[in-house]
Each structure stands twice: as structure tokens, then as C-alpha cells.
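Student: Have a look at this one.
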Amino acid sequence: MTIRAQHGIFKPRQIFDLHTSAHTSISPLPTNPIDALKDHNWKMAMKDEYDALIENKTWDLVPRPSNANVIRSLWIFRHKKKSDGSFERYKARLVGNGANQQTGVDCGATFSPVVKPATIRTVLSIAISKSWCLHQLDVKNAFLHGNLDETVYMHQPPGFRHPEHPDYVCLLKKSLYGLKQAPRAWYQRFTDYVAKMGFCHSISDHSLFIYHHGNDLAYILLYVDDIILTASSNALRDSIMSKLGSEFAMKDLGPLSYFLGISVTRHSRGLFLSQKKYAEEIVERAGMSSCKPSSTPVDTKAKLSGSSGNPYHNPTEYRSLAGALQYLTFTRPDISYAVQQVCLFMHDPKTQHMSALKQIIRYIQGTINLGLHLYPSSVNKLISYTDADWGGCPDTRRSTSGYCVYLGDNLISWSAKRQHTLSRSSAEAEYRGVANVVSESCWIRNLLLELHCPVTKATFVYCDNVSAVYLSDNPVQHQRTKHIEMDIHFVREKVARGEVRVLHVPSRYQIADIFTKGLPLQLFYDFRDSLNIRLPPVSTTGVY
């Protein structure tokens, strides 16, 4: 055998280091505090959280009282990511095990409101139409700012026991993540402070706060610890941010770009809302990253039934994917009807239901870049479309109602929902749909009034059923409509006051059809475009 050395060829042996440095590798999520304390990255994250709790004077160490309910403390670990999915930092959070709390002993009222999706889209539409800047704020350890009215005892954090008093317990003075009353305590603390600044919370949405003084106008949207702030001037915005920063540990995230998992992109013609990253996660979770795309999210064939087909072998997977798709409808109203249909069978999913769910995911895979556009538009005009699919449910024969509401040219509210009662005629089903959208339109009118953008003109409600249009304005009670008298009185009252006008629209232009039934391909594309569901803009500025 001839070797290289016999020919005078000598090459040094290169030893490659296949291990990445600690600065570039990401430490995996630990399964317990002991493993976390052995890793430098997680240990520093835990120390930062513990130091913040001590600085905030969250608790006092006291001897353990006899016959007291002492809840456990837990560490929760997660990787914080940026809007593009890249790694940002390590996050360790100390939480209390609220499952061990006893109502009436160490917790009372627990409900806390969060801002409604329609409110967010309405405020964004107003801000973009008036060329106001949109700013995003984050409250560091928001729940730690809430004051507790109840007496709550908690075990010391694992890994951080006091060396001199290891048997003492924490008497909580401030709220803590995991406690049942934590969201309500934080909301109350925030509400009390912004009220001192001159804000008042909206009656239509209690997580919307409005400041109005002379020509100065500002809105705050609160969703737990995420805040959107918009104001009529930069000086007013900076003043509000300064006052909030003096009371709470605030993090200025700059112009609005990523809120509740929604990417917000500013372009020359308006805003583009997208959940592309979230949609990709759903497709990956379903194991369908390489699937063949579908043209529409639902077929035009008969609706799903709960009595036919074999039970699906993994109901938990079905419920998880169906629940994830519900949040995707925040910026994708084109899948609202399909998602509503598969969610009807979460209690007992069948194989055909899973096939329908997979078709939605295949459609998302082929339209992953689509999102909701908001454009500068008139904010004193409301237009609604409503439709109903009479007796469409093969099991209950109940109808499916759908509607969409536009503020100017911007879609701000929509719904696809099965009616609660059985309708005896198509006119009744359509009229109940009219009542639903009139109720939503009235709520939006009240919201706009509180936002100091009143709608002076009547809301146009378009319906493709002539009988329903006739019933909305006819003062004569017909025998066949006695059982829907309350809805008739409600709609007729709004029509008589001039707040609503119910008009007929041909079925070819009834946009709400996309929320009640499966449509042919071209009609589906036309209605989807009417909902402002389109591709992202070619060029964006990304700044305000």
C-alpha cells in the first residue's frame, strides 16, 4: 500500500471544534429549578426575577402560622422570541400555585377584562385615518404592581430560601403571577392610576382608556401587560409615557410592530396586520409543512354532521388545533366560517371533522402571507352586511348567521355563529341575523361616540332577503312573526330613530355569504378581497 509519506506529502491534521460557544448556543428549557441553577444562563434569569421581586417588596418573610393555607411557589422557564421567531432572551418567572387557593379565604373576585378585538381594530383604523402615531409599551412584571386585599401565604422560592429562616413563609403584599386574583389586582391598580392622569375607561370596553382635554385626545388599549398608546400629538404621547414610567416599570417598545402575536407593518397606504409566524407554527404543529395547498378552506358540499363517521383517535390533538385556529381568525376572517364549523364538534370529533380541519390548514399553508389591511378612510360611516343559512345544520336544523361591519373602508368586526334557536322560515333566520348585526353596529356606534368620533349618519345594513328587509320597516305584526317579536321591536326602533337603514343587496354582492357557507372558488376570492385580506405591500417604511 502506497502512503502519502512515501511521496513526501505531509499535511497537518486539523482538529475541528464541533461544539459551539456558550455565547452562540441556546440553553434548553430546564425541567426543574435544580437543573436551571446549574446552567449559568438560567441562573442569571432566575436571579434577575428574584431581585425584581425583592426590589418591589412583593412579600415579607414571617413564621408559618398554624392552620394557614400556604400555596406553593413554582418557576416557569421559557425562551422569549422576537417577532421573526429568533431568540431574544431567557425568561424565568416565579409564579404562585393558584390552584391551591380557597375562594373566600385567600382569594375573592378574579375576573379581569381584556380589550376586545373589534376595539383594537377600531382604534387602529382611527389612528391611521388621522395620521396619529401608534406606540407600544410593555409593563415589566405587570402583576407584581397589583395590591392584594386578601391574606396570602406562599412557600419560599425553590433555590432562594433565606439561609437564616429556611422555614419561614412569604406573606404576599403584592400580587404575583399564578394567583387567581392577580389579573384583577393589576387591572385595578392600572385603572386607578390612569384615572388620576385624566383618563376615563370606556363603558363599551373597560380595557380602553380615553383622555380628552380641549384638542388633546389619546387612547390606551390594555391587554394584561401589553399596551398600545396613540395620541393626537407627540408631546401628549411623550407626557403620558413619562407619567406611566414614573409609576410602573415600563419598557418602551417603540412604534407598534408586534402585539399579541400579531405583526403590524406600516406602509405608505396604511397598516398591514399579519399572523404569519403563528400560522406557520400551526402548520408545523399539525405536521403538514409539506402538504399540498388547498384553494378554499371549506368545500361547497353539505355541512358536517356529528352523528356520522368514526371517532378520531386523538381528540386532544383535534381540540388543540381547532383552538389555535380560533385565534388566527383575528386577522384572517376568510377562515371564520370553516373554523366555526370544526369547533362545533370539539366534544366528540370524528375522522371527517379532522379531514375538514386539515383542509383549513392546507388552505393556510397556501395563503400563509395573507393578512388584514387597514387604510386611511372615513371614520363617520358604518356599513354592515348580514346573511343566514336557513336550517343548515344537519343535526339540529338551526341556522348559521354571519355578518361583517366596516368603518369607512376598513373591516373592524365580523362573526360566524350558529343561531341559538330554531327558525321556522328563511325570513326569520335572516331577520335574526339582521338583529345580530344591528346590535353589533349599535355597540360600535357607542364606542365611536366615546372615542369622540361620532357617527352622524345611519348605519347601512345590507341583507339579501326581501322579506327580512320588509319586516324591519313594517309596523304591522304578522301572524308568522309573533314569536320573534322582541327582535322586530329592537330593529324597528333603531330604524325609526334613523340610526339604522336595512337595505336589500343581490346575493352576488352579499359579502357576508363567506361567513355562512362554502362558496365557489371565484366568488370566494372576490369576497375575500372585499374583506381586505390581501398580500403584504411590496415596499414598507416600517417607521412612523
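The values are calculated or read from the model by the stated rules, or taken from the named source; none is laboratory data. Note that the structure is a prediction, hence the values are computed from the model and not measured. Heads up, the Cβs are rebuilt from the backbone with ideal geometry, glycines too, and the neighbour counts pull from every protein chain shown. In case anyone asks, the SASA skips ligands and DNA or RNA and just uses the protein heavy atoms, side chains included. Shrake-Rupley method; radii C 1.70, N 1.55, O 1.52, S 1.80 Å.
Student: Once every DSSP H run of n ≥ 4 in the chain is given -39500 (n - 2.57) and the sum is divided by its residues, what mean residue ellipticity at 222 nm do you get, rounded to the nearest 500 deg cm²/dmol? Walk me through the intermediate numbers first.
Tutor: Working: 13 runs with 166 residues, N = 544.
Calculated mean residue ellipticity at 222 nm is -9500 deg cm²/dmol.
Student: Need the full-extension length gain, D84 to D35, defined as separation in residues times 0.36 nm minus the C-alpha distance. One decimal, nm.
Tutor: In short, 14.7 nm is gained.
Student: Quick one: Cα centre-to-centre distance for segment 132-196 and segment 323-369, in angstrom?
Tutor: Comparing the Cα centres of segment 132-196 and segment 323-369, I get a distance of 37 Å.
Student: Still on this structure, please answer the following. Using only alpha carbon pairs under 8 Å that are at least six residues apart, calculate the relative contact order of the chain and give it in whole percent. Write out the running numbers ahead of the final one.
Tutor: Working: 953 pairs, mean separation 70.5, N = 544.
Relative contact order, the chain: 13 percent.
Student: Let me check against my output: what whole-number percent is the relative contact order of segment 68-206, with C-alpha pairs under 8 Å and at least 6 apart? Please report the intermediate quantities before stating the final value.
Tutor: Values: 181 pairs, mean separation 43.4, N = 139.
RCO, segment 68-206: 31 percent.
Student: For the chain, which whole-number percentage of the solvent-accessible area (1.4 Å probe, protein heavy atoms only) is attributable to carbon and sulfur atoms? Mind dumping the intermediate values first?
Tutor: Values: 13590 of 26410 Å².
In the chain, the share of accessible area belonging to carbon and sulfur is 51 percent.
Student: If you average the alpha carbon positions of segment 55-100 and of segment 262-297, how far apart do those two centres end up, in angstrom?
Tutor: What the calculation gives is 33 Å, centre to centre.
Student: Still on this structure, please answer the following. Multiply the residue gap between V466 and L521 by 0.36 nm, knock off their C-alpha separation, and tell me the result in nm, one decimal place.
Tutor: On the way: separation 55, 0.36 × 55 = 19.80 nm, distance 2.64 nm.
That pair, V466 and L521, stretches by 17.2 nm at full extension.
Student: Segment 404-463: percent of C-alpha pairs farther apart than 14 Å? Before the final figure, lay out each step's value.
Tutor: Working: 1087 of 1770 pairs.
Summing the P(r) of segment 404-463 above 14 Å gives 61 percent of all pairs.
Student: Set the Förster radius R0 to 30 Å, insert the Cβ-Cβ distance between E281 and S66 as r into 1/(1 + (r/R0)^6), and round the FRET efficiency to 0.05.
Tutor: Numbers: r = 49 Å, r/R0 = 1.62.
The pair E281/S66 has a calculated efficiency of 0.05.
Student: Still on this structure: With 29 Å as the limit, write out which pairs from K80/K350; K116/K173; K47/K82; K173/K277; K57/K91 have Cα-Cα distances beyond it, or answer none. Please report the intermediate quantities before stating the final value.
Tutor: Numbers: K80/K350 36 Å; K116/K173 31 Å; K47/K82 23 Å; K173/K277 39 Å; K57/K91 20 Å.
The answer is K80/K350; K116/K173; K173/K277.
Student: Once the Cα atoms of helix 234-247 and of the chain are each reduced to a long axis, what angle between those two axes, in degrees from 0 to 90 to the nearest 10, is obtained?
Tutor: Around 50 degrees separate the two axes.
Student: Sort D238, D149 from largest to smallest accessible area, using a 1.4 Å probe on the heavy atoms of the protein chains. Could you put the intermediate results ahead of the total?
Tutor: On the way: D238 75, D149 145 Å².
Greatest to least solvent exposure: D149, D238.
Student: Over all pairs of distinct alpha carbons, what does the Kirkwood formula give as the hydrodynamic radius of segment 372-435, in Å? Before the final figure, lay out the partial values.
Tutor: Details: mean 1/r = 0.0782 Å⁻¹.
That comes to 12.8 Å for segment 372-435.
Student: Just the number, please: Stokes-Einstein D of segment 399-516 in µm²/s, Kirkwood Rh from C-alpha pairs, 25 °C, 0.890 mPa s.
Tutor: On the way: Rh = 14.7 Å.
D = 167 µm²/s.
Student: Let me ask something else. When only C-alpha pairs under 8 Å and at least 6 residues apart count, what is the relative contact order of segment 288-399, in percent? It would help to have the intermediate numbers written out before the result.
Tutor: Values: 109 pairs, mean separation 44.8, N = 112.
RCO, segment 288-399: 40 percent.
Student: Remind me, what semi-axes does segment 288-398 give for its equivalent ellipsoid, largest first in whole Å, using sqrt of 5 times each Cα gyration tensor eigenvalue? Walk me through the intermediate numbers first.
Tutor: Details: eigenvalues 149, 76, 30 Å².
Equivalent-ellipsoid dimensions as semi-axes: 27, 20, 12 Å.
Student: Something else about it: So what's segment 299-344 giving for Rg/Rh, alpha carbon basis, Kirkwood Rh from the mean inverse pair distance? Mind showing how you got there, number by number?
Tutor: Numbers: Rg = 11.8 Å, Rh = 11.8 Å.
Radius of gyration relative to Kirkwood radius: 1.00.
Student: Report the gain in length on full extension from Y258 to M44: 0.36 nm times residue separation, minus Cα-Cα distance, nm rounded to one decimal.
Tutor: Numbers: separation 214, 0.36 × 214 = 77.04 nm, distance 2.65 nm.
Taking Y258 through M44 to full extension adds about 74.4 nm, to one decimal.
Student: If you don't mind, there's one more thing I want to ask. When ligands, DNA and RNA are left out and all protein chains stay put, how many square angstrom of accessible area per residue does the chain have with a 1.4 Å probe?
Tutor: Working: 26410 Å² over 544 residues.
Each residue of the chain exposes 49 Å² on average to a 1.4 Å probe.
Student: More than 21 Å apart: what percent of Cα pairs in segment 35-149 qualify? Show your work: numbers first, answer last.
Tutor: Details: 3951 of 6555 pairs.
I get 60 percent for the Cα pairs in segment 35-149 exceeding 21 Å.
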